[in-house]
Amino acid sequence: MRTLNISIKQRYLEAIKDGRKVQEFREIRPQNVKKYLQLDKDGFEIEDENANALPIVYDDILFTSKETGDTALVEVKDARCEIMLGENGQPIEYEYGGQLWVVERVVYDLGRIKNHTVKSRTE
């Protein structure tokens with residue numbers, strides 16, 4: 001079982017627990033690419049037949065509230081990468097560390113909540 005740990009705001013954690021938030025989006029950046037994407041031995045993204053990056057397959061996401069420390073362990077039903085397009089319909093590009101990067105994100109389709117905890121609060 002592979003679990004991805006993500007910190008989020010309490011209001012989003014509540015929306016996940018209530019079933020109002022059924023997807024989680026994570027922008028891929030040079031600093032986090034190893035956390036979200038499958039890479040080859042040289043550190044380059046592994047792509048499918050349509051040249052879309054392949055996300056790392058996680059079974060669950062452990063969401064932790066930044067404000068309260070509450071958590072929810074949520075099943076991942078599916079994950080896919082999306083390239084972000086500009087107003088001209090072309091991929092948005094930027095340079096970082098002498099390399100050209102395309103703005104993309106991973107979309108996680110969330111399933112059932114396997115477990116959740118509420119940290120005790122003193123009023």
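Every number here is computed from the coordinates shown, using simple stated rules; none is lab data. Model, not experiment: these values are computed from the prediction. All Cβ positions, glycine included, derive from the backbone under ideal geometry; neighbour counts span all protein chains shown.
Things to note:
- Under the condition of being within 29 Å of residue 12 (Cα to Cα) and in a strand (DSSP E or B), the residues counted in region 41-75 number 13.
- Residue in region 49-58 that is surrounded by fewer than 15 Cβ atoms within 10 Å (Cβ to Cβ) and closer than 17 Å to residue 103 by Cβ present: yes
- Residue count for region 85-107, restricted to those that are in a loop (DSSP other than H, G, I, E, B), surrounded by 12 or more Cβ atoms within 10 Å (Cβ to Cβ) and without any contact (Cβ under 8 Å) to a residue 40 or more places away in the chain: 1.
- Output for region 3-40, where each listed residue is within 28 Å of residue 116 (Cβ to Cβ), assigned to a loop (DSSP other than H, G, I, E, B) and in contact with a Leu (Cβ under 6 Å, 6 or more places away or on another chain): 22
- Subset tally (residues that are over 19 Å from residue 45 (Cβ atoms) and among the hydrophobic types (A, V, I, L, M, F, W, C)) for region 76-86: 1
- Residue count, region 87-116 (criterion: over 19 Å from residue 43 (Cα atoms) and more than 21 Å from the chain's Cα centre (by Cα)): 4
- Residue 26 meets the conditions (1) touching a residue at least 24 places away in the same chain (Cβ under 8 Å); (2) among the basic types (Lys, Arg); (3) exposed (fewer than 15 other Cβ atoms within 10 Å of the Cβ) in every case but one. The failed one is (3).
- Residues being within 15 Å of residue 52 (Cα to Cα) and among the aliphatic types (A, V, I, L, M) - total across region 67-108: 9
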